[in-house]
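Peer 1: So that we are looking at the same thing, I have put the structure below in structure tokens.
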């Protein structure tokens, strides 16, 4: 397993790195998943330390957590507890309802754009109805079943997930509805 432990404008010592690797190994071995890599980022905001953890599993699922605390070790321990809770919550569903993957999830490239929002609603009408592209990036679209896509979206805490449906070989979308349920768009 690959670890990427970084600090944003703070130094991360060897003791903290060792603590992070040891604790994440304990959490991940508990559930017998095959993690591929983990990214841990520490930062400081005023008097609080912020820890963000993202763990990628070979099943294509991504678990992420974020926590704040006045101590740097406490912020990581909070994140580790959240990742542990997420993996514990979905362990049975992952084992019982989904096939074991012999290889990692297939990812397809796609373009992702960030468009400028309306700066001022009281301003003059724009000359063109074409939106202004602020940024253009490359993104990956995973090939998943609908159930795996819902779990991926919930594990990542994302409001929406675009994926390629393994059964129908088309691009689908799952999203969290305002009533708390999950919506699925299958064109």
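The values are calculated or read from the model by the stated rules, or taken from the named source; none is laboratory data. The shown structure was predicted, so the numbers you read here are calculated from the model rather than taken from an experiment. A quick note on method: Cβ atoms are made from the backbone with ideal geometry, for glycine too, and the neighbour counts reach across all protein chains shown.
Peer 1: Collect the residues in the range 1-38 that are under 17 Å from residue 82 (Cα atoms), at pLDDT 90 or above and surrounded by fewer than 16 Cβ atoms within 10 Å (Cβ to Cβ), keeping them in residue-number order.
Peer 2: Those that are under 17 Å from residue 82 (Cα atoms), at pLDDT 90 or above and surrounded by fewer than 16 Cβ atoms within 10 Å (Cβ to Cβ): 21, 22.
Peer 1: Which numbered condition trips up residue 57, out of (1) out of contact with any helix residue (DSSP H, G or I) (no Cβ under 7 Å at 6 or more places or on another chain); (2) at pLDDT 80 or above?
Peer 2: (2)
Peer 1: Regarding residue 61, is this residue buried (at least 18 other Cβ atoms within 10 Å of the Cβ), free of Cβ contacts under 8 Å to residues at least 60 places away in the same chain and not assigned by TED's automatic domain parsing to the domain that holds residue 156? If you could, list the steps in order and put the result at the bottom.
Peer 2: On the way: buried (at least 18 other Cβ atoms within 10 Å of the Cβ): yes; free of Cβ contacts under 8 Å to residues at least 60 places away in the same chain: no; not assigned by TED's automatic domain parsing to the domain that holds residue 156: yes.
It is false that residue 61 is buried (at least 18 other Cβ atoms within 10 Å of the Cβ), free of Cβ contacts under 8 Å to residues at least 60 places away in the same chain and not assigned by TED's automatic domain parsing to the domain that holds residue 156.
Peer 1: Given 66, 91, 85, 95, which one is modelled with pLDDT of 70 or more and either surrounded by fewer than 14 Cβ atoms within 10 Å (Cβ to Cβ) or outside the structural domain of residue 20 (by TED's automatic domain parsing) (or both)? Write out each step before concluding.
Peer 2: Numbers: 66 fails: either surrounded by fewer than 14 Cβ atoms within 10 Å (Cβ to Cβ) or outside the structural domain of residue 20 (by TED's automatic domain parsing) (or both); 91 fails: either surrounded by fewer than 14 Cβ atoms within 10 Å (Cβ to Cβ) or outside the structural domain of residue 20 (by TED's automatic domain parsing) (or both); 95 fails: modelled with pLDDT of 70 or more.
Checking each option against the conditions leaves just 85.
Peer 1: Please list, ordered by first then second residue, the pairs with beta carbon atoms under 9 Å, 6 or more apart or interchain, first in the range 148-165 and closer than 16 Å to residue 66 by Cβ, second modelled with pLDDT under 90 and part of a loop (DSSP other than H, G, I, E, B).
Peer 2: 155/61; 156/61
Peer 1: Turning to a different aspect of this structure: Can you tell me which residue is modelled with the highest pLDDT among those in the range 157-187 that are assigned to a loop (DSSP other than H, G, I, E, B), surrounded by 11 or more Cβ atoms within 10 Å (Cβ to Cβ) and under 19 Å from the mean Cα position of the chain (by Cα)?
Peer 2: Top of the filtered list is 158.
Peer 1: For the range 1-50, what are the residues that are closer than 15 Å to residue 79 by Cα and in a helix (DSSP H, G or I)?
Peer 2: Scanning the range 1-50 gives 16, 17, 19, 20, 21, 22, 23, 24, 25, 26, 27, 28.
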